[in-house]
1. Out of curiosity, is L237 assigned to a helix (DSSP H, G or I), modelled with pLDDT under 95 and within 30 Å of T138 (Cα to Cα)?
2. Condition check: farther than 30 Å from N17 by Cα, of a type in the set (G, A, S) and outside any loop (DSSP other than H, G, I, E, B). Does S252 satisfy that?
3. If the requirement is being of a type outside the set (F, W, Y) and buried (at least 22 other Cβ atoms within 10 Å of the Cβ), which of these qualifies: G46, G52?
4. Condition first: closer than 24 Å to I194 by Cα and among the hydroxyl-bearing types (S, T, Y). Now tell me which residues in region 55-102 satisfy that.
5. Keeping to region 55-80, report how many residues are over 16 Å from M1 (Cβ atoms), modelled with pLDDT of 95 or more and not hydroxyl-bearing (S, T, Y).
6. Of the numbered conditions (1) in a helix (DSSP H, G or I); (2) within 30 Å of F18 (Cα to Cα); (3) out of contact with any strand residue (DSSP E or B) (no Cβ under 6 Å at 6 or more places or on another chain); (4) not polar (S, T, N, Q), D263 satisfies every one except a single condition; which is it?
7. Here is a list of conditions, (1) farther than 16 Å from M146 by Cβ; (2) in contact with a Gly (Cβ under 6 Å, 6 or more places away or on another chain), and Y198 meets all of them except one; can you say which number that is?
Amino acid sequence: MILITGATGHYGKLTINFLLNNGVPANQIAALVRNEEKAADLKQLGIELRIGDYNNYDSLVKAFTGIEKMLFISSSDIINRETQHLHVVNAAKASGVQHVVYTGFNGKNQSESSPLWLVSKSHLNTEKWIKESGINYTILKNTLYMDFIPMFLGETVLKSGTIYLPAGDGKVGAALRAEMAEATANILSSNNHIGKTYSFANPESFSYGYIATYLTQLTGKSIQYISPTAEEYVQTLTTLGVPTDFINVLSSFAVAQSLGELDSTGSDLETLLGRKPTTIQTFLSQVYTTATNP
């Protein structure tokens, strides 16, 4: 039995769909959910629902019972993530889970000097706990989702003609979330992955300066890239009424990119997919050609 945690989220649902596409029977897949009603679509597919919450250790022990392989999708609650993750690891050990596949983070600087240290720290500790648990494991070092690039560009980028982000000339090897999920399903539905760490990143990285140039060519509209200081960026978005938490997330990732921390590339994703991952050019063409030609 394969258990997918975070099963009602994007990554979890995608992974389940790819498992089914790979020929894994629905009755051999379980989904960890907090609310059964929100997972009605999974139940209709024949997926077994297991009720559990990262904040409730006892619920996890019960939900993990009888599970052979588990996809452990990291919590989105950055503040409480470490406590939640420790619950998951301890519950997996207590329940006899044989193999944990964990979605970690792909960053070049995973030290206190990084703007993303709060993110990195929780992932590093979780990886340490998994390895110390004695459970067989596979670690996925996931890069930034390419799906998030439009969020960094801003909803009005084609109208304003400006990408405004403190990312400097830094690059990012972003990849599509769906392709990461597909590669994850390929790992879960096959063997020979125990003890391995995979870097889920695109073979090529790109900068926001490049995106501005490409969008100009693609849409015929002049798009410029301005890289302010982090302080100027925060002040500008605050003046525009953007929520503080959202500003901090965008700023932290942008500054980390400016420092070269997200410039990770690799072939693991391509190998596991059996094809080249979607390029930033293809992605932008799909998103912004549709936007300009509805």
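The values are calculated or read from the model by the stated rules, or taken from the named source; none is laboratory data. Please read all numbers here as calculations on a predicted model, not as lab measurements. Cβ atoms come from the backbone with ideal geometry, glycine included; neighbour counts cover every protein chain shown.
1. On the way: assigned to a helix (DSSP H, G or I): yes; modelled with pLDDT under 95: yes; within 30 Å of T138 (Cα to Cα): no.
Against the criterion (assigned to a helix (DSSP H, G or I), modelled with pLDDT under 95 and within 30 Å of T138 (Cα to Cα)), L237 does not qualify.
2. Details: farther than 30 Å from N17 by Cα: yes; of a type in the set (G, A, S): yes; outside any loop (DSSP other than H, G, I, E, B): yes.
Considered against the rule, which asks whether it is farther than 30 Å from N17 by Cα, of a type in the set (G, A, S) and outside any loop (DSSP other than H, G, I, E, B), S252 comes out as yes.
3. On the way: G46 fails: buried (at least 22 other Cβ atoms within 10 Å of the Cβ).
Going through G46, G52 in turn, just one is of a type outside the set (F, W, Y) and buried (at least 22 other Cβ atoms within 10 Å of the Cβ): G52.
4. Going through region 55-102, the residues closer than 24 Å to I194 by Cα turn out to be 60-61, 63-75, 82, 84-102.
Answer for region 55-102, where residues must be closer than 24 Å to I194 by Cα and among the hydroxyl-bearing types (S, T, Y): T65, S74, S75, S95, Y102.
5. Result for region 55-80: 4.
6. For D263, the failing item is (1).
7. Every condition holds for Y198 apart from (2).
Listed here are the residues, each with its yes/no results for (1) at positive phi; (2) crowded, with 19+ Cβ neighbours inside 10 Å; (3) touching a helix residue (DSSP H, G or I) at 6+ places or on another chain (Cβ under 7 Å).
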{"site": "S222", "(1), (2), (3)": "no, no, yes"}
{"site": "Y225", "(1), (2), (3)": "no, yes, yes"}
{"site": "E232", "(1), (2), (3)": "no, no, no"}
{"site": "G260", "(1), (2), (3)": "yes, no, no"}
{"site": "L272", "(1), (2), (3)": "no, yes, yes"}
{"site": "P277", "(1), (2), (3)": "no, yes, yes"}
